[in-house]
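Participant: Mind having a look at this structure? Questions to follow.
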């Protein structure tokens with residue numbers, strides 16, 4: 001075969017510099033040819049394997065991705081390189097995505113699945129020449145897809161699902177919440193508490209729930225501020241607004257002290273993927289303000305409870321937003 005672009009450059013994958021994002025090609029490379037491996041991979045394949053040692057497969061036959069909405073574009077690129085011929089099972093909920101730019105993550109997934117070509121014209125340094133922005137690209141090969149949408153909510157009661165649906169409608173208006181099928185007859189509780197009293201109110205709510213459920217209780221608080229006073233951030237990116245309530249790690253420790261083991265005090269990111277019989281959501285206004293993804297993070301937190309939900313807020317408007325009159 002003819003040399004592919006930057007054949008000796010391990011940082012060029014599929015004609016894209018993975019460090020700079022630049023789309024590079026080689027003058028001797030035919031446009032319809034696509035680079036399949038890096039030079040490092042080809043070197044590793046050329047090495048002799050000692051007797052009795054099984055060589056690791058360079059590519060996968062089937063890839064299962066759970067919580068796919070949280071994968072970064074770079075992670076999708078890595079999977080795409082290992083799964084060019086693979087079948088895929090992907091489970092995701094965009095409403096729970098950690099990424100501010102949902103479209104960027106979606107494009108990265110499409111490229112990994114072979115449904116879209118990498119964009120050209122990116123700036124940066126790399127070997128070869130830059131493909132002109134107007135250069136035509138051949139359409140990506142079509143793969144057969146079977147898409148299934150979860151339309152039934154088995155976790156939350158209808159009463160709790162109604163609250164999470166109101167958050168979702170603001171966080172991601174185009175999303176369709178799954179329909180809850182279980183009615184408990186127990187309405188969620190909302191309490192307006194002055195900011196300094198939130199930790200004490202959260203402890204009181206947890207102790208109250210101990211007598212109402214036999215299982216686990218999650219007290220879900222905002223991400224803590226640094227003890228030095230700096231603002232905490234979601235996924236290492238600062239939010240655009242200062243949080244309404246300063247919540248520190250020591251506040252959380254004091255709240256958890258002395259509570260039984262079945263009560264867990266954790267921040268909104270730690271609660272992701274977990275499930276509790278009852279949950280106390282502390283300062284939703286702060287959670288929403290800590291990051292551009294704050295409302296999606298709040299949606300995840302509110303949907304952790306299966307039986308009982310208590311929301312504590314210092315802002316009366318939030319009680320009106322989360323709970324119907």
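Read-outs: derived from the displayed coordinates by stated rules, not from any lab. None of these values were measured; they are calculated from a predicted model. Glycine gets a Cβ as well: all are built from the backbone with ideal geometry, and neighbour counts include every protein chain shown.
Participant: Once you put a point 7 Å from the Cα of residue 87 and another 7 Å from the Cα of residue 102, both along the Cβ direction, what distance in nm separates them?
Facilitator: Reported label-point gap for residue 87 and residue 102 is 2.9 nm.
Participant: Antiparallel DSSP bridges in the stretch 153-322: what percent, to the nearest 5?
Facilitator: Given both bridge residues lie in the stretch 153-322, the antiparallel proportion sits at roughly 5 percent.
Participant: Taking the Cα-to-Cβ direction at residue 182 and at residue 269 and moving 7 Å from each Cα, how far apart do the two end points lie in nm?
Facilitator: With each label placed 7 Å out from Cα toward Cβ, I get 3.0 nm.
Participant: When only C-alpha pairs under 8 Å and at least 6 residues apart count, what is the relative contact order of the stretch 153-322, in percent?
Facilitator: It rounds to 35 percent for the stretch 153-322.
Participant: Taking Cα centroids, how far is the stretch 260-325 from the stretch 165-200 in Å?
Facilitator: 7
Participant: So the label point goes 7 Å from the Cα of residue 323 along Cα→C-beta, right? Which residues of the stretch 284-305 then have their backbone N under 15 Å from it?
Facilitator: Answer for this model: 284-285.
Participant: Run the numbers for residue 175 and residue 155: contour at 0.36 nm per residue of separation, minus the present Cα-Cα distance, in nm.
Facilitator: Roughly 5.4 nm would be gained on extension.
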